[in-house]
Amino acid sequence: MLMMTRRNAIKNVTLATAACATVLPALAQPTAPRTAAAPAITGPFFLPRLIPSYDAFEPYIDAQTMEIHYLRHHQAYVTNLNKLVADHAELKNKSVEEMLRGLSALPEGIRAAVRNQGGGHYNHSFFWWMMRRDGGGEPKGELAAAIDKEFKSFAGFSAAFTTAATTHFGSGWAWLVLNAKKRLSIETSTNQDSPISTAGKNVVLGLDLWEHAYYLKYQNRRPEYIAAFFKVINWEFIDYQYDRLMKA
Ligand code: MN3
């Protein structure tokens, strides 16, 4: 477990609520000893406690990658976002989701920084939810029907998602997005750009395509990493997420 005060733990739950718009206690995953202490935590935003253990997704996503990705990369977005908020009163009292949905309303001088650091925090907070130990398989219920309608079959969806993720040039993310008309589509974004910065769009599923997400284990073999991700997808959460967005 991360060494954390009860107060911080409560704040982290609050953050998870803000970042993911939902918390699913039923999906709480088993905990296991972590291999490194958490960094000092300051500021209004915190690393969410969403990873059961760094080796939870072995052998598909290796423990060292998870630890560096979570404690170093995600923490850096959190730290930088906190610096921004400390320096800019107009960001006070906004959730990271509000910032990203309202980028155009922000002063031009800080827009890119919020987009990058806030996007990094939001996307990663979501990403940890999207995976689980013994995950994989296929969605059920309404999402399964919607995927069949849009992509003919789950195989059609996974093939299209894999192609988009494989051919995306450079760093970014691959997404399954629900648009304002409640239709599903696959898209990719560069850097830490989030689909939610486009009006009416919401994220159903996302995959981190930055090399820091896979290079230690897969080096330049991004297609193998994408296939591995499909083995750990937390479809229970994705199904719930889709149902919630459809009712919104
Ligand atoms: Mn990342």
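The values are calculated or read from the model by the stated rules, or taken from the named source; none is laboratory data. Note that the structure is a prediction, hence the values are computed from the model and not measured. Ideal geometry is used to build each Cβ from the backbone, glycine not excepted, and the neighbour counts take in all protein chains shown. These accessible areas exclude ligands, DNA and RNA; they are computed on the full protein's heavy atoms, side chains included. Shrake-Rupley method; radii C 1.70, N 1.55, O 1.52, S 1.80 Å.
What the table shows:
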quantity: From the options GLY102, GLY109, GLY120, GLY141, residue that is surrounded by fewer than 20 Cβ atoms within 10 Å (Cβ to Cβ), of a type in the set (Gly, Ala, Ser) and in contact with a helix residue (DSSP H, G or I) (Cβ under 7 Å, 6 or more places away or on another chain); calculated: GLY141
quantity: Leading residue by the ranking (least open to solvent (accessible area, probe 1.4 Å)) among those in the range 219-248 that are within 14 Å of the ligand (Cβ to nearest atom) and either over 17 Å from PRO139 (Cβ atoms) or not in a helix (DSSP H, G or I) (or both); calculated: TYR225
quantity: Helices (runs of 4 or more DSSP H) fully within the range 102-177 counting 1 or more residues that are away from the ligand (no atom under 16 Å from the Cβ); calculated: 108-113, 141-151, 154-167
quantity: Test result for ILE68, outside any helix (DSSP H, G or I), within 16 Å of the ligand (Cβ to nearest atom) and within 18 Å of the chain's Cα centre (by Cα); calculated: no
quantity: Condition broken by PRO195, with the remaining ones in (1) modelled with pLDDT under 95; (2) touching a Lys or Arg at 6+ places or on another chain (Cβ under 7 Å) satisfied; calculated: (1)
quantity: Every pair of residues 6+ apart whose Cβ atoms lie under 6 Å, when the first sits in the range 191-209 and is without any contact (Cβ under 8 Å) to a residue 24 or more places away in the chain while the second is away from the ligand (no atom under 16 Å from the Cβ) and assigned to a strand (DSSP E or B); calculated: PRO195/VAL177
quantity: Of all residues making up the range 191-218, the number that are more than 16 Å from the ligand (Cβ to nearest atom), within 16 Å of the chain's Cα centre (by Cα) and either outside any helix (DSSP H, G or I) or small (Gly, Ala, Ser) (or both); calculated: 4
quantity: Selection from the range 191-216 of residues that are hydroxyl-bearing (Ser, Thr, Tyr), closer than 17 Å to HIS74 by Cα and open to solvent by 50 Å² or more (accessible area, probe 1.4 Å); calculated: TYR215
